[in-house]
Amino acid sequence: MTRLLVSVRSAAEARAALAGGVDLIDVKEPNAGALGAARPDVWREVLQAVDRRRPVSVALGELLKPDAMMLTAEAAALSAESLGSNDAGLAFAKVGLAGCRRADDWRNRWQRLIGALGDSIAPVSVYYADAEN
């Protein structure tokens with residue numbers, strides 16, 4: 001079965017995607033990179049607009065970005081509790097693995113990220129087919 005994922009940057013774009021028959025809404029900020037994270041207030045607005053009608057994913061950026069602690073903080077901000085409900089409708093959080101082949105501690109960082117996400121949000125690792133490492 002083919003399904004349609006649409007990446008959005010705002011609640012207005014999410015509403016347009018819903019009207020167009022989207023199957024999965026992906027929140028990201030492309031100006032911050034292929035997996036650029038949108039601000040947490042954008043996450044909340046999109047989740048409110050979608051209102052659990054479709055699964056929602058968010059991009060968190062690269063696992064090895066310079067401020068790895070910020071990535072974990074972003075993941076913690078995704079917890080259903082901080083989003084204002086026990087079931088906010090957030091299904092997935094995507095993180096890029098660019099450069100992980102060269103990093104000895106990437107598995108530890110990944111485990112910290114998973115811990116920060118909690119049980120209700122599935123982590124999705126993203127690898128680039130055209131990446132060298």
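A cut-off of 5 Å between modelled amide H atoms, ignoring neighbours fewer than 5 places along the same chain, links V27 with V8, S57, V58, A59. Measuring how big the range 1-53 is from its alpha-carbon positions, Rg and Dmax come out at 10.8, 33 Å. The ellipsoid that matches the Cα gyration tensor of the range 93-133 has semi-axes, each √(5λ) in whole angstrom, of 21, 13, 4, with the longest given first. Among 97-108, 37-48, sorting by the average number of other beta carbon atoms lying within 10 angstrom of each residue, highest first, gives 37-48, 97-108.
Using the Karplus relation 6.51 cos²θ - 1.76 cosθ + 1.60 with θ = phi - 60°, the per-residue 3J(HN,Hα) values for the range 2-9 come to 8, 10, 10, 9, 10, 7, 10, 10 Hz, with x marking Gly and Pro. 3J(HN,Hα) couplings calculated from phi for the range 45-54 with the Karplus curve 6.51 cos²θ - 1.76 cosθ + 1.60 (θ = phi - 60°) are, in sequence order, 5, 5, 4, 5, 5, 6, 6, 6, 6, 9 Hz; Gly and Pro show x.
Label-to-label distance, A129 versus A32, with points set 7 angstrom from Cα along the beta-carbon direction: 2.7 nm.
Every number here is computed from the coordinates shown, using simple stated rules; none is lab data. Values in this document were obtained by computation on a predicted structure and should not be read as measured data. Glycine gets a Cβ as well: all are built from the backbone with ideal geometry, and neighbour counts include every protein chain shown.
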